[in-house]
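Below is one structure, written out as structure tokens; the observations come after it.
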Amino acid sequence: MKLNGQDLTMEQAKRVLYHGEKVELTDDAWARVAESRRVVEQYVADQKVIYGVTTGFGKMSDVVIPSESLEQLQLNLIRSHAVGVGEPFDEIVSRAMLLLRANALAKGYSGIRRETLELLLACLNHRIHPVIPSQGSLGASGDLAPLSHLALVLVGEGEAYYKGKRMSGKAALAAAGLKPIRLAAKEGLALINGTQAMTAVGLLAYLEAVYLAEIADLTASMTLEVLRGIVDAFSPQVHEVRPYAEQQEVAEKILDYVAGSQLVTKQGELRVQDAYSLRCIPQVHGAVRQVLAYVKEKLLIEMNAATDNPLIFSDLDQAISGGNFHGQPIAFAMDFLGIALAELANISERRIERLVNPQLNDLPPFLSPNPGLQSGLMISQYTAASLVSENKSLAHPASVDSIPSSANQEDHVSMGTIAARHAYRIIQNCRRVLAIEAICAAQAADIRGVNKLAPKTFSWYKQIRALVPKLVHDRVLSADIERLSAWMKKEAYQGF
């Protein structure tokens, strides 16, 4: 696949991240890289003052650096800013950061040398994934700490994962037949001043969330069936008079999934109307899809944006200091994503309650094979309740917070990486809640008679049963939930 910094798509990113597709730059991208580098070198030769090239950083931007110290300035920048803490990001996040940073540099506004960008691409293609601590970014000036840990590997420092092993950055490069580079003027800043940590986590969160939205529709359809739900609420005319496209799409999906079912009912057969967690599936799931569309739009812009400071405009022979590193657009998008997926889990948990609570259905209490002696799926609902409660804390917007840094020079920050990390954790919790709903719905289907399921929900039932056996006596269910959840996560990747 060829990067040009302009039009990286979700589909291309999936191929690189999940299937290891190799990456290179287009000829026109290399030409832009060369031109931006020419401007930087001319500035250095002319001893002009340019932020981060011939000056210090942040509050020390007024300190002019002598020409003989410009290379040391860049190395010092990387070392001093590599202060991330906490558990490392998963390798897939590190891989996404490599891809997104390479694409940003390919735009030709960063002033990086060809050999440095080639090494970055080589790390991606050889699957050398820097070990990047997950905590420590304010989301402006970009993701300085995480990207510094990425950049350390390029200079033969830090740590990296290579072929399943964690080792020094120098050892990883050597094992792949690569050599570290020596940073020149502007290059340290070009590598670390950007939003690629929050965008990488956000991209992966989005891709998993899209699949969970599909799982939620399918699982909710089976729940609707086994609770003898009323299909009239999904009639097209209901949703045409409130014309949200996503709401209409979900209603259409539900009707398609339950087509041929012998369990669903019509209005007035058993009851006049269902509880909201069944009747309002299109309205809630549809609203989640609206958020996903918004998040996708912002991610695609950010994936193809220049988020450096300063930006090098070779056609003008200018270097302009700005604030494109500020992560506010992604911070808002990630908070919105977290809220939406928390709500997808919330309504799923309410359907779980309706499946297990004998006061709300005509099924055996807690879907137990032997109520009283056996507790059945009673405590599975507890777990779902715990997860959605945790999500409510995680969904508190990180983007409403800011704290000054760099002696108040950087006096407003986005917290975008925190927002992305929280959204990703919410998605993991949501997946487990949906797994619990699927297990409960499958158990209820066994009680109702699986031969009465619609063809499409019966296929989903068979997939669940391939991973989670029918509950015939009390057993430890933790492994069942985790197995189905892990399969859902894997399918989110394999489906691409």
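The values are calculated or read from the model by the stated rules, or taken from the named source; none is laboratory data. These figures come from a predicted structure and were not determined experimentally. Positions of Cβ are generated from backbone atoms using ideal geometry, with glycine treated the same way; all protein chains shown enter the neighbour counts.
Below are the figures for this structure:
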read-out	value
Segments classed as helices (runs of 4 or more DSSP H), wholly inside the stretch 125-238, with at least 1 members that are without any contact (Cβ under 8 Å) to a residue 24 or more places away in the chain, in the same structural domain as residue 439 (by TED's automatic domain parsing) and surrounded by fewer than 24 Cβ atoms within 10 Å (Cβ to Cβ)	196-226
Qualifying residue in the stretch 374-381 (condition: within 27 Å of the chain's Cα centre (by Cα) and surrounded by 18 or more Cβ atoms within 10 Å (Cβ to Cβ))	yes
Residue list for the stretch 85-124, filter: part of a loop (DSSP other than H, G, I, E, B) and either at negative phi or not assigned by TED's automatic domain parsing to the domain that holds residue 23 (or both)	89, 90, 107, 109, 110, 112, 113
Residue list for the stretch 448-468, filter: outside any helix (DSSP H, G or I) and either under 31 Å from the mean Cα position of the chain (by Cα) or among the hydroxyl-bearing types (Ser, Thr, Tyr) (or both)	468
Matching entry among 330, 301, 352 (being of a type in the set (Val, Ile, Thr), buried (at least 24 other Cβ atoms within 10 Å of the Cβ) and under 18 Å from the mean Cα position of the chain (by Cα))	330
Index of the failed condition, residue 445 passing every other in (1) assigned to a helix (DSSP H, G or I); (2) of a type in the set (A, V, I, L, M, F, W, C); (3) at pLDDT below 95	(3)
Residue that is farthest from residue 448 (Cα to Cα) [pool: residues in the stretch 369-399 that are out of contact with any helix residue (DSSP H, G or I) (no Cβ under 8 Å at 6 or more places or on another chain) and outside any loop (DSSP other than H, G, I, E, B)]	393
Of the criteria (1) surrounded by 12 or more Cβ atoms within 10 Å (Cβ to Cβ); (2) modelled with pLDDT under 85; (3) charged (D, E, K, R); (4) not in a helix (DSSP H, G or I), which one residue 62 fails	(1)
Some residue of the stretch 306-329 being of a type in the set (Gly, Ala, Ser), on the phi < 0 side of the Ramachandran plot and in a helix (DSSP H, G or I)	no
